[in-house]
Amino acid sequence: MTPALDHLAILPIVLPLAVGALMLLFDERRRRLKMTLSLATVFALLAIAVTMVVMVGLPNGDRWSTLIVYPLGNWPPPFGIVLVVDRLAALMLLMTAVLGCTTLLFALARWHTAGPRFHTLFLLLLTGLNGAFLTGDLFNLFVFFEILLAASYGLVLHGSGTARVRAGLHYIPINLVASSLFLVGVAVIYGVTGTLNMADLSRIVPTLPPDSRTLMEAGAAVLGIAFLVKAGMWPLSFWLPTTYAAACAPVAAMFAIMTKVGIYVILRLFLLCFGDEAGASEDFGAAWLYYGGMATLLFGGIGVLASQSMQRLGGYSVLISSGTLLAAIGTGNSAVISGALYYLVASTFAISAYFLLVELIERGQAAGADVLAVTLEIFGDPEEDIEDEDEEVGVAIPATIAVLGGGFVACTAVLAGLPPLSGFIGKFAMLSALLNEAGEIPFDHWLFVALLMLSGLATLIAMTRNGIRTLWVPAETDIPRVRAIEAIPVGVLLLLCAVMTFAGGPTMRYMEATAQILYWPSEYARDVLGSQPVGHNTSDPRSSGHGPSGLSATGATP
């Protein structure tokens with residue numbers, strides 16, 4: 001790589017952190033300046049993420065991926081801190097950047113003025129998310145975990161109101177407890193292995209003696225609980241629907257990827273430390289993930305049917321997505337995981353679009369109303385003469401209602417998994433992989449198939465019911481006024497779901513390669529631990545930093 005690209009991996013962390021800190025120097029009345037800085041930052045992050053996806057997807061001999069390793073402070077791993085960009089990390093960075101752009105655009109219409117320091121908190125959230133996806137060691141994962149949580153505490157309360165304060169009083173203590181469990185788990189793992197580097201852990205775990213292995217697994221279990229709280233696995237998910245329903249629309253939409261941080265870390269650590277090469281610890285915790293995921297899927301399906309508000313329905317849809325992904329990870333099947341990665345992207349975009357859409361739909365509701373506004377002028381006055389009614393050919397649907405209704409139908413189709421959109425493709429890929437396994441299909445796989453289909457049916461029923469109540473039934477309220485800056489982000493997210501459908505082949509191939517690479521922990525360890533500091537003199541062949549796969553100092557092909 002060129003010298004400029006050597007440092008590309010650090011930019012998704014440094015850039016939003018620096019700009020967010022800079023904004024603290026400006027008064028809240030400098031809104032236009034803050035808007036400009038925030039927009040420039042998120043679109044720069046999008047460009048960086050696209051570049052990384054292209055870089056790690058380039059052919060590298062007979063391998064499917066190029067790994068980018070960035071040792072901070074030029075200290076070689078495992079003694080120094082490293083950032084690692086592979087296909088999975090690049091995919092998560094791209095998702096975060098897309099959601100950052102769309103939700104920020106939506107917030108600029110009105111929500112960024114609803115409370116102080118919105119732009120700083122938003123950029124700090126992006127810093128924490130990007131850092132969690134990029135870091136190669138558990139200690140810095142905790143650091144970035146705390147950064148994104150601290151920012152999310154302020155964003156949950158953004159806009160004030162009793163509901164948000166009540167939700168915050170649940171959300172903040174629960175995540176503080178999860179952070180404490182995180183520290184306990186990390187301390188136990190470090191005490192047993194003497195390292196927190198993920199690549200180094202993947203090499204040490206198979207060699208642990210029985211006594212140390214038991215303690216290591218105990219630490220991993222405590223650490224896993226912390227991430228399962230964030231991922232929203234039942235019964236640790238009681239806080240999630242209320243919190244997501246209470247948060248303002250752009251924050252709830254951005255929070256759709258917050259649960260995916262837990263999913264990402266569980267997937268990464270499970271396959272690195274407890275995958276096929278983990279020796280006696282192979283598949284540790286897989287059953288808990290599988291059955292816990294199915295329980296979460298069942299709980300989310302019941303929740304969407306019981307939801308009486310559109311916001312809570314969105315919260316339970318997040319649980320359905322999390323349950324599906326956790327159960328898919330628990331199968332240990334790379335083909336299932338590739339379909340799950342496809343589903344992860346599609347469901348996250350659709351849920352984010354849904355939260356933004358709900359804000360627009362319910363804007364026209366009167367206080368205490370349960371349905372969307374459609375005025376008598378549109379449907380006609382019931383007191384009109386019969387002659388006027390006879391002359392009426394049909395009822396005109398306002399353009400705003402038509403657009404919102406179309407977006408709602410698209411969200412319903414993706415989240416319920418209806419063909420031919422991307423939600424269906426992701427679920428079909430998982431089902432196909434489960435049912436095409438060699439040998440007799442076990443009963444618990446049939447149970448997962450049934451729950452996956454029933455959760456889609458529950459989502460379809462619940463969203464159809466809410467759509468009829470909000471978009472079809474007339475009420476004496478006003479048609480919501482929707483600005484272009486609010487409609488465009490929703491359209492972009494749904495368009496991306498459609499693009500994933502039309503480009504299903506290339507997208508699925510990327511996911512298959514990503515899933516397959518996750519099953520090569522020894523290759524990952526060699527690439528990360530064999531890296532050299534940036535700018536290291538490679539003229540000496542003894543210190544070239546080229547491992548067996550031919551990666552250079554930063555993991556790129558020479």
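Estimated at the nearest 10 Å², the accessible area of TYR290 is 10 Å² with a 1.4 Å probe.
Taking each residue as 0.36 nm, the span from GLU282 to ARG30 lengthens on full extension beyond its C-alpha to C-alpha distance by 85.2 nm. The HN-Hα couplings worked out from phi for segment 504-521 by the Karplus form 6.51 cos²θ - 1.76 cosθ + 1.60 (θ = phi - 60°) are x, x, x, 5, 5, 5, 4, 5, 5, 5, 4, 5, 5, 5, 4, 8, 10, x Hz, whole numbers, x standing for Gly and Pro.
Dimensions of segment 128-191 from C-alpha coordinates, computed as largest minus smallest value along each principal axis and given longest first, are 44, 22, 10 Å. Distances between placed amide hydrogens fall under 5 Å for HIS7 paired with no residue 5 or more residues away or on another chain. In this simple spin-label approximation, TRP472 and LEU457 carry label points 7 Å from Cα along the Cα→Cβ vector, and these lie 2.0 nm apart.
The simple spin-label model puts a point 7 Å past each Cα toward its Cβ; for TYR153 and LEU176 those points are separated by 0.7 nm.
Stretching the chain fully between TRP75 and ALA450 yields a gain of 130.0 nm (0.36 nm per residue, less the alpha carbon separation). Close amide H contacts of VAL82 (hydrogens built in the peptide plane, cut-off under 5 Å, sequence separation of 5 or more or a different chain): LEU72, GLY136, ASP137.
Principal axis analysis of the Cα atoms in segment 409-522 yields extents of 60, 32, 24 Å, listed in decreasing size. Give me the distance between the Cα centres of segment 184-213 and segment 289-306, rounded to whole Å. Value for the Cα centre distance between the two parts: 32 Å. Model label sites at PHE428 and ALA163, defined 7 Å from Cα along the beta-carbon direction, differ in position by 3.7 nm.
Full extension from GLU523 to ALA503: what is 0.36 nm times the residue separation minus their Cα-Cα distance, to one decimal in nm? Residue separation times 0.36 nm, minus the Cα-Cα distance, leaves 4.3 nm.
Kindly identify segment 223-333 as rounded, prolate or oblate by the Cα gyration tensor criterion: order the square roots of the eigenvalues as a ≥ b ≥ c, call it rounded if a/c is under 1.5, otherwise compare a/b with b/c, prolate if a/b is larger, else oblate. Prolate, because a/c is 1.5 or more and a/b exceeds b/c.
Relative to the Cα centre, the charge distribution of segment 164-282, modelled as +1 at Lys and Arg Cβ and -1 at Asp and Glu Cβ, gives a dipole magnitude of about 600 debye. Rolling a 1.4 Å probe over the protein chains gives GLU523 an accessible area of about 50 Å². The heavy atoms of PHE284 offer some 70 square angstrom of accessible surface to a 1.4 angstrom probe.
The values are calculated or read from the model by the stated rules, or taken from the named source; none is laboratory data. From a predicted model like this one, the values you see are computed outputs, not experimental measurements. We place every Cβ from the backbone using ideal geometry, glycine too, and count neighbours over all the protein chains shown. SASA here: full protein model, heavy atoms, side chains in, ligands and nucleic acids out. Shrake-Rupley method; radii C 1.70, N 1.55, O 1.52, S 1.80 Å.
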